[in-house]
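Working notes, structure below.
The values are calculated or read from the model by the stated rules, or taken from the named source; none is laboratory data. Fair warning: this is a prediction, and the values are worked out from it, not measured in the lab. Cβ: placed from backbone, ideal geometry, glycine included. Neighbour counts: every protein chain shown.
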Amino acid sequence: MPIPEPPRFCPPAPAGAGPFLLSINPADGSQAGRVAQARAADVDGAVAHAWQAVRCQPWRDLRLDRRADVLYEIGRLLRAEREPLARLQMADSGKPWKECLHMVDSAAGSFRYYAAVCETLQGEITPARGEYFSMAIAEPFGVIAAITPWNSPIMNEAQKVAPALAAGNAVVLKPSEETPQLALELLRVCHQAGLPQGLLQVLNGSGEEVGAALVRHPGVRMLSFTGGTETGRAIAAVAGQRLIPVGLELGGKSPHIVCADADREAALAGVLSGIFGSAGQSCVAGSRLFVERTIYAEFVAALAQRTRALRVGLPDDPGTQVGPLISWQHRDKVAGYVELGRREGARVLAGGYAPEQGALARGAFYMPTLLDGLPAQARVCQEEIFGPVLVALPFDGEDDLIEQANGTAFGLAAGIWTGSYPRAWRLARALEAGSVWINTYKQSHIATPFGGFKDSGIGREKGLQGLRLYSQNKSIYWGLHTQPLSLG
Ligand code: TXE
């Protein structure tokens, strides 16, 4: 049965057509673009169309090497368009140029990786207990919903769309309203690469309206969400009611640990990049610094000096190390946390203000900030700020360290700097975190699973587990009986 053209919720709106969503460049307040806005009523059509694509297209039953061909081609096209895509990304999100290039490369890498996984994935033959042949194979859910945040556009989308398609699903994708443009580009590239129409739908709209309608839609069989913990909790509650699986990548307040025997220079550089990369708008940002008390004063003084020396600048300036935050509203939230820290008794060792002079005054910038003097239970040490704010705390010995480091609701990531292998191993095993970095930080690649303990999420993206997230097992028994089945 031929399937109709997908409903056109997604292309950029012609000038003045509305309703549309504006994307504002947080570096200077200019308009980065505008896109057609979906409403809750559009969710029905998108889900129905996705099911139509699942049922009528051979995608699910396509030979896996052919499915992989399309995914490889998406990766190749993304890579070929890396500069224009990175430029759009820079305008949408305000991220510095190099980070934008990295996001596109990472998206391309996700498609390439899941093409390879798709092509090589095997089912299992299970040891039979009778006259039959038994096996376990992976099947897609059908239509899944992917909801993404603003902090890593195209990279986050690819991390969900690539494995979900590789597993044979259709995807209805709702990107963040703050960064609506890259998902549309991904859709265009997917079609250009030969992905059958309808298998990927993009709905740009608000979370409260479109996101919530998508999550509740009875045609959606699995939910994949990256974003704030409270939104994740609300989505998980709906998934619980509906008894559908959910993958959640949520927030963090990751401990970054420096032991007295660490290589000081390496640790300083690691701590700086661990928190101030992406202006702190990273779920794995090392936002709580624990330094062994014997070197605390010296280390924190050196860190404050280097924090003050960081180059905060416009995203397209090659010398920029820290760009703007995503929006002025978000900057106010970050500044509010620093004020709260001050009221709670923090010493502000670096930053603690928004620049008010020159070109930066036009953007949503906030200076890299280092606080200390707070108890580990202070709100600033417990809640995810998602900005360039680091809180430093001393520790005495491993027991004290583990108690403090594990003493939050989160469990996404942790970093350890030490010269002792046994100590690194003990700490890595004791920390409640989905990823632990030893003498490095924020390394990540598509082949290694990623996700959180505790309030940082459910399930793992990336790697082989990232494909299984979008598949359900089917066990098949094939009778080889020489005698009819008996009741006894
Ligand atoms: O995230 P939200 P926001 C954290 C960070 C940040 C806070 C809020 O601390 O300050 O979350 O950021 C959609 N049903 N992180 O407001 O609200 C929404 O439209 C369905 C951590 O941007 O979680 C967007 O597409 N969908 C983080 C996506 O969910 C809903 C990344 C994320 O939005 C919805 C971003 C609803 N009821 C923020 N409400 C990380 N872990 O990487 C919103 N959405």
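The residues on offer are Glu124, Glu99, Glu81, and the sole one that is without any contact (Cβ under 8 Å) to a residue 60 or more places away in the chain and at negative phi is Glu124.
Within the bounds of the stretch 234-245, is there any residue that is under 22 Å from Glu383 (Cβ atoms) and either touching a Pro at 6+ places or on another chain (Cβ under 9 Å) or near the ligand (Cβ under 9 Å from one of its atoms) (or both)? Yes, the stretch 234-245 contains a residue that is under 22 Å from Glu383 (Cβ atoms) and either touching a Pro at 6+ places or on another chain (Cβ under 9 Å) or near the ligand (Cβ under 9 Å from one of its atoms) (or both). For the stretch 273-306, filtering for residues that are touching a Lys or Arg at 6+ places or on another chain (Cβ under 9 Å) and free of Cβ contacts under 8 Å to residues at least 40 places away in the same chain leaves 3. Those residues that are under 12 Å from the mean Cα position of the chain (by Cα) and part of a loop (DSSP other than H, G, I, E, B), I need them from the stretch 450-467; list them, please. The answer is Gly451, Gly452, Arg460, Lys462. Taking first residues from the stretch 362-376 that are touching a residue at least 40 places away in the same chain (Cβ under 8 Å) and partners that are surrounded by fewer than 19 Cβ atoms within 10 Å (Cβ to Cβ) and aromatic (Phe, Trp, Tyr), the Cβ contacts under 8 Å between residues at least 6 apart in sequence or on separate chains come to Ala364/Trp328; Tyr366/Tyr353; Met367/Tyr353. Residues that are aliphatic (A, V, I, L, M), closer than 29 Å to Thr179 by Cα and touching a residue at least 12 places away in the same chain (Cβ under 8 Å) do occur in the stretch 316-323, at least one of them. For the stretch 297-314, what are the residues that are surrounded by fewer than 20 Cβ atoms within 10 Å (Cβ to Cβ) and either in contact with a helix residue (DSSP H, G or I) (Cβ under 9 Å, 6 or more places away or on another chain) or not hydrophobic (A, V, I, L, M, F, W, C) (or both)? Those that are surrounded by fewer than 20 Cβ atoms within 10 Å (Cβ to Cβ) and either in contact with a helix residue (DSSP H, G or I) (Cβ under 9 Å, 6 or more places away or on another chain) or not hydrophobic (A, V, I, L, M, F, W, C) (or both): Glu298, Ala302, Gln305, Arg306, Arg308, Leu310, Arg311. The set of residues in the stretch 313-370 being closer than 26 Å to Arg87 by Cα, more than 16 Å from the ligand (Cβ to nearest atom) and not in a loop (DSSP other than H, G, I, E, B) consists of Val322, Ala359, Leu360, Ala361, Arg362. Looking across the stretch 109-136 at every residue that is of a type in the set (D, E, K, R) and closer than 20 Å to Tyr477 by Cα, the one that is surrounded by the fewest Cβ atoms within 10 Å (Cβ to Cβ) is identified as Arg129. Of the residues making up the stretch 217-244, those that are of a type outside the set (A, V, I, L, M) and under 23 Å from Ala167 (Cβ atoms) number 11. Exactly one residue among Leu165, Leu182 is over 21 Å from Trp51 (Cβ atoms), within 22 Å of the chain's Cα centre (by Cα), buried (at least 24 other Cβ atoms within 10 Å of the Cβ) and modelled with pLDDT of 95 or more, and that residue is Leu182. Inspection of the stretch 148-170 finds a residue satisfying the criterion of being closer than 15 Å to Met103 by Cβ and aromatic (Phe, Trp, Tyr). The residues of the stretch 138-197 include none that are of a type in the set (Gly, Ala, Ser), within 16 Å of the ligand (Cβ to nearest atom) and on the phi > 0 side of the Ramachandran plot. Just one residue in the set Gly415, Gly457, Gly411 is buried (at least 19 other Cβ atoms within 10 Å of the Cβ) and on the phi > 0 side of the Ramachandran plot; that residue is Gly457.
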